[in-house]
1. What does the net charge come to around A:His79 if you take all other residues with beta carbon closer than 9 Å to its beta carbon, with K and R at +1 and D and E at -1?
2. Using a basic spin-label model with each label point 7 Å from the Cα along Cα→Cβ, how many nm lie between B:Lys68 and A:Arg109?
3. Taking 7 Å along the Cα-to-C-beta vector as the label spot, tell me the B:Thr30-A:Ser55 distance in nanometres, rounded to one decimal.
4. If I compute solvent accessible area with a 1.4 Å probe over the protein chains, what percent of it on chain A is carbon and sulfur?
5. At a 1.4 Å probe, which residues in region B:25-71 are at least 20 Å² less accessible with all protein chains present than in their chain isolated?
6. Defining a contact as two alpha carbons under 8 Å apart and six or more residues distant in sequence, what relative contact order in percent does chain A show?
7. For chain B, what's the relative contact order in percent, using C-alpha pairs closer than 8 Å and at least 6 residues apart?
8. Going down the table (B:Lys56/B:Lys104; A:Lys40/B:Lys67; A:Lys40/B:Lys56; A:Lys19/B:Lys56; A:Lys9/B:Lys56), which pairs top 32 Å between alpha carbons?
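The values are calculated or read from the model by the stated rules, or taken from the named source; none is laboratory data. As the structure is a computational prediction, the values presented were derived from the model and not from experiment. Cβ: placed from backbone, ideal geometry, glycine included. Neighbour counts: every protein chain shown. For the accessible areas, the whole protein counts, side chains as well, though only heavy atoms, and no ligand, DNA or RNA atoms are used. Shrake-Rupley method; radii C 1.70, N 1.55, O 1.52, S 1.80 Å.
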Amino acid sequence: DTEVTQTPKHLVMGMTNKKSLKCEQHMGHRAMYWYKQKAKKPPELMFVYSYEKLSINESVPSRFSPECPNSSLLNLHLHALQPEDSALYLCASSALLSPGELFFGEGSRLTVL
Amino acid sequence: GEDVEQSLFLSVREGDSSVINCTYTDSSSTYLYWYKQEPGAGLQLLTYIFSNMDMKQDQRLTVLLNKKDKHLSLRIADTQTGDSAIYFCAERYGGSQGNLIFGKGTKLSVKP
């Protein structure tokens, strides 16, 4: 199984809503990542988890709250988002010894109204 | 700071070779990567090259690295319409425990 599965594929939310994006992998990877990708732009790193612990937070606003409940799951909790947060949110995983060899999910396309 | 530059567009005819170029800035980068993104999808790792190599070939893909000029290229032989996508060059900054910084991506269009 070489897949990273993200749900939902599409999400529309208002600025007062609370929602979550979910990501799952069963490759035994111990590093998991959240990236944000705006249209026609490269992915931008948001968070990195290593061994279920947050190791990198790229100065992301607190309205984005990551969670890694176990080695296979990664969540991104969303609250009080702004329209400019609308983007494709990509989850990825990698073996810790190969941090550049990322396996990406298909992404969750978020629209904030 | 770290920066990865790519030309934004490339258009080729089916059957021709495509060459996508990239320049990077971090001379300590140990690995350099090429990722492919099809419309509406996540990124897929195509290939990578270790910094002590000049060339790596993998079926239709050839990666050339000029470490002196910090220049990386990806050649796709016999380009097919299914190769139409955005191709991102990426370098790993921060040494062996570092993370990726992506170029802006080159949109490859393959005309039949």
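1. On the way: positive: A:Lys18, A:Lys19, A:Arg63; negative: none.
Taking every Cβ under 9 Å from that of A:His79, the sum is +3.
2. Computed distance between label sites B:Lys68 and A:Arg109 equals 4.7 nm.
3. About 1.2 nm, to one decimal.
4. On the way: 2920 of 5620 Å².
Answer for chain A: carbon and sulfur cover 52 percent of the accessible area.
5. Buried by 20 Å² or more upon assembly, which counts only protein chains, are B:Tyr33, B:Tyr35, B:Gln37, B:Gly40, B:Ala41, B:Gly42, B:Leu43, B:Leu45, B:Tyr48.
6. On the way: 289 pairs, mean separation 41.9, N = 113.
Relative contact order here is 37 percent.
7. Working: 282 pairs, mean separation 42.0, N = 112.
The value is 38 percent.
8. On the way: B:Lys56/B:Lys104 23 Å; A:Lys40/B:Lys67 28 Å; A:Lys40/B:Lys56 28 Å; A:Lys19/B:Lys56 44 Å; A:Lys9/B:Lys56 35 Å.
Listed pairs above 32 Å: A:Lys19/B:Lys56; A:Lys9/B:Lys56.
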